[in-house]
1. Determine the gain in length on full extension of the stretch residue 207-residue 64; use 0.36 nm per residue of separation and subtract their C-alpha separation, reporting nm with one decimal.
2. Using mean Cβ contacts within 10 Å as the protection proxy, how do 131-137, 144-150 order, highest first?
3. I want the local charge near residue 82. Using Cβ-Cβ distances under 13 Å, sum +1 for each Lys or Arg and -1 for each Asp or Glu among the other residues.
4. What is the sum of charges, Lys and Arg at +1 and Asp and Glu at -1, for the other residues whose Cβ falls under 14 Å from the Cβ of residue 67?
5. Around residue 41, what is the net charge, scoring Lys/Arg as +1 and Asp/Glu as -1 over all other residues with Cβ under 12 Å from its Cβ?
6. In the stretch 149-208, which chymotrypsin sites (Phe, Trp or Tyr not before Pro) are in a loop and have at most 13 other Cβ atoms within 10 Å, using DSSP for the loop call?
7. Viscosity 1.306 mPa s, temperature 10 °C: what is the translational diffusion coefficient of the stretch 133-215 from Stokes-Einstein with a Kirkwood Rh over Cα pairs, rounded to a whole number of µm²/s?
Amino acid sequence: MSMSRENQELAITSAAGSTTTKVHLLRHGEVDNPRGVLYGRLPNYHLSERGQAMAERLAQVLADRDITVLVTSPLERAVETGAPIAKALDLQPDVDDELIEAANVFEGLPFGVGDGSLRRPRHWRYLRNPFRPSWGEPYVEIAARMRSAMDRARQAAAGHEALLVSHQLPIWTLRSAIEGRRLWHDPRKRECALASLTTFTYRDDAVVSLAYSEPAADLAPDAGQQTFPAGA
């Protein structure tokens with residue numbers, strides 16, 4: 001159906017009046033974790049040398065982006081990932097507690113394949129409900145706080161781009177909520193590698209597209225060397 005000149009002008013005005021904003025959710029780089037524990041929210045877990053190289057790569061990749069807002073989780077690995085990016089963009093990063101890793105009762109325990117952590121009877125009570133989950137922060141609460149942090153950053157960067165440095169489980173949970181998937185899932189199937197970017201494009205207040213990229217994929221460790229992905 002053809003559109004009248006008046007309607008065409010109205011459509012053009014409507015499109016021109018909308019605001020397009022991008023919000024990038026960045027998972028931090030590799031962490032120095034020689035004991036192979038699930039470090040979660042524990043302090044003093046810093047980027048490894050490879051993680052620092054990942055952060056520098058991201059700074060190079062993002063240096064020319066129209067990023068006007070940079071916010072990190074309060075945990076050291078997220079702050080350290082954001083530091084070279086902030087320098088490249090000449091931005092002062094903010095910290096948002098709602099970007100923090102999910103709470104988990106298994107923090108500090110080894111979680112590599114075959115280490116037997118989950119075979120200990122005293123831990124079984126924490127495994128009774130994988131849908132909530134019973135071992136940590138409820139998925140619905142993770143999604144809600146992450147959405148809140150993203151909304152604040154989007155509003156602050158309206159018409160430009162925002163970068164939020166967070167953690168694998170919170171990023172994946174928020175993505176699942178926005179895409180309308182169930183929040184409980186197999187951790188091995190998350191699309192959220194170290195130093196990866198999950199990018200939401202908004203038109204005004206609505207998400208209109210999603211993109212995923214791994215700018216530092218060539219720096220990533222072999223899959224067999226990675227620990228259990230929750231808490232990373």
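Any read-out appearing in this document is the output of simple, stated calculations on the displayed coordinates, not a laboratory observation. Here the structure is a predicted model, which is why all the values come from computation and not from measurement. Neighbour counts run over all protein chains shown; Cβ positions are idealised from the backbone, glycine included.
1. Computed gain between residue 207 and residue 64 is 49.2 nm.
2. 144-150, 131-137
3. Net charge around residue 82: -2.
4. -1
5. Counting the neighbours of residue 41, the net charge comes to -4.
6. Counting only loop positions with at most 13 other Cβ atoms within 10 Å, the chymotrypsin sites (Phe, Trp or Tyr not before Pro) in the stretch 149-208 are 184.
7. Estimated via Stokes-Einstein, D reaches 118 µm²/s.
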